């Protein structure tokens, strides 16, 4: 078995809590189906003691074992969809901020797209774009 780079005790507390929450949900799903840990262990291809570790939320259990539990519960669940690029809000916000930074210098030196559009709308409506004075 390969050695882990990070000890589970070094994981952020929020991560450990999410693993525990996941484990609790796995327990509920298994029990609602009226199945034993041994039955699920056979389905997963792991030992019953490993199944017990999954249900305790042991972060040292292989991710594939947790993913297999999720698949047993809901085969149509697209786990990878949870981290799809379109759902990575932190990265999207960063990209938007970068685009806005690049646009700022151009807007200060040139007319904004709204100015020609406003003039065009005023012409269509037959009004002058100037304020009465």
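The values are calculated or read from the model by the stated rules, or taken from the named source; none is laboratory data. Owing to the predicted nature of the structure, the values given are computational and were not obtained by experimental measurement. Every residue, glycine as well, gets a Cβ built from its backbone with ideal geometry; the counts of neighbours run over all protein chains shown.
For the stretch 81-90, state whether one or more residues are at pLDDT below 90 and more than 12 Å from the chain's Cα centre (by Cα).
Looking through the stretch 81-90, none of the residues is at pLDDT below 90 and more than 12 Å from the chain's Cα centre (by Cα).
Please tell me if residue 68 is at pLDDT below 95, surrounded by 13 or more Cβ atoms within 10 Å (Cβ to Cβ) and part of a helix (DSSP H, G or I). Criteria met by residue 68.
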